[in-house]
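Accompanying notes for the structure given below.
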């Protein structure tokens, strides 16, 4: 198995006991490990190999909880509650502070850390990528798009505030992301935009590029084109959608963090490759979870789900080949982290495993 | 009259013969001057006073035509035609290249010039402000907002491309604006973002601020709140809408150009005041034109229009007081240009008069 010979496999980061905790805090690690195996045996085996002789401690769950809390504080502070126009601010806060795992901000902060910058330097861009992510959810949920009424178990923004406010809240979140990144006040005093303006400009360029016709929007356009057609979406088209709708912003999150943290061009390119792999991995795992979850929920075979309308990796490749693809992507991602300081690489390494093993 | 004693009145810029040409190229300046007087006597008288002893030549029409052509070339080059996703790019190009006077880019370029930078330095931000302006038109025209079918005499974006693409084209234009401003390739070699990154960060912050809950979006939210209510919008509320929907982006256009051109903080603040005055002036003139145009078209008195649903300055203040207000705003704006080099100030001075005297 590729990862067993990977330099990072020898870094003995403690993975197996942590991942279940992050995924299902209330279950025992034994039960959680069984849970994993049932769904995602190959990748779990890989992770187990890496953690077989764990000595280095890294508390991934605590890392994620702390970073999410800090990001939530930054997001909360970025939008005034109650100030006019109140309906707009309320809608922005409703969508932005609805919870979520804050995976993108965590990637941004961790990438800043691996590049050598204190993670705090990347808090402004970390908040910005979450604003962009939220904007894309709000607009994609609109009646004229995916027409979704529920998001994270709550009524979607347009259901609560009406369509016009939902469109405008999305626009405001998008511009706020750039305002936040460009504002001195968003950064700690030792890294305000006036001290590292070239990094900030480059990071803003990365963020902007992943949104429009090279990123989120392009993915949504092609996704909409596929909706309602009875034909099976070819693998190439499916990958285009995922690379744009999902991977582009994950890539930007990592690259922006790396830029702000002072990474060299060569480091940035390695981290970009890491991010592209986990970006696609994120979606492949989503597709696998869709199938395996449905199977359990329905008490029916995965074959039933494969016959459904939605084109997924399991539908195109089969479940086993999808799992192998996921394993390959995880391995590709973690390979890019070799050569970085092992301690500083731990968060990005664990984030890759988390994305591979997550249960929702 | 305030302007008669204004330092710039003594600069003898040639205004009167130029404005009619800019406004109505085919009519003689005498006929055009009469046209002006009929609508906007006080302001015209002010302009006439300033131009009474004109000696300095400034060909405003040629200036605007040249700048618009350069901006259109930049906009055309910024969005690939035919490349996938083709529908998205087509919709973006349809909305962005539909014509228009390119007043905002001209303000941006002129402000860069008055600040001492070659105007070419501001071409990227000038294109960006037009992208933001276009985005706001596309989203404001949506069925769930103002539900407009026509824009500049052509079917609106959602009529041609459908609602989903219109929403997404707006999002893509908004992100493209920031990408364009942050990209080395958008600037001439002597002022790429790597050479003046602090200016670029500050300019991006200005652009971002004028879009969201402190700018365009806030104005549209309050405007929507007023729609359909039978009550007369109070002056304060009307001004809030206009300051946010119209003036904010005009202000950003000027301030961004000044920043890129290397203006001092004190110069930037004077130009900001100039821009705020012409921003409101822009809207007051719009309202006056609405009334006077309707009167001519309908062959009825202005009183009829004043009784219509839409709250306008003439409705709240009366036509004469609105004209006086416009004159005051024009005078306030041009006052801020005193102290700048007269030749470099000519484009912004003429832009103020143009905004005051325009016929559409």
Sorted shortest first, the nm distances from the residue A:146 label point (7 Å along Cα→Cβ) to its counterparts in the other copies are 3.1
Provide B:92, B:145 in ascending order of the number of other Cβ atoms located within 10 Å of each residue's Cβ, fewest first. B:145, B:92
Fewest-first ordering of A:245, A:293, B:342 by Cβ atoms within 10 Å yields A:293, B:342, A:245
Measuring from the axis that superposes chain A on chain B, report the chain A residue with the minimal C-beta distance, rounded to whole Å. A:197, 2
With one decimal in nm and the nearest listed first, the spacings from residue B:293 to its own position in the other copies, using label points 7 Å along Cα-to-Cβ, are 5.3
Sort the following peptides by mean Cβ neighbour count (other Cβ atoms within 10 Å, averaged over residues), highest first: B:84-90, B:157-163, B:228-234, A:167-173. A:167-173, B:157-163, B:84-90, B:228-234
Looks like the range B:197-261, by Cα gyration tensor root eigenvalues a ≥ b ≥ c and the a/c under 1.5 rounded cutoff (else prolate when a/b is bigger than b/c, oblate otherwise), is prolate
Viscosity 1.567 mPa s, temperature 4 °C: give me the Stokes-Einstein translational D for the range A:149-283 in µm²/s, with Rh taken as the Kirkwood radius over C-alpha pairs. 77
Under 1.5 on a/c is rounded, so check that first for the range B:78-181, then, if it is not, pick prolate when a/b is larger than b/c and oblate when it is not; a ≥ b ≥ c are the square roots of the alpha carbon gyration tensor eigenvalues. prolate
For A:114, B:288, what ranking results if the residue with the fewest other Cβ atoms within 10 Å of its Cβ goes first? B:288, A:114
Overall form of the range B:60-357 per C-alpha gyration tensor (a/c, 1.5; a/b vs b/c): oblate
Kindly give the distances from residue A:66 to its copy-mates, label point to label point, with each label point 7 Å from Cα along Cα→Cβ, as nm values to one decimal ordered shortest first. 6.0
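Since every read-out is calculated from the coordinates, none of them should be taken as a lab result. Since the model is a prediction, treat every value here as computed from it, not as a measurement. Neighbour counts are summed over all protein chains in view; Cβ atoms, including those assigned to glycine, are modelled from backbone coordinates with ideal geometry.
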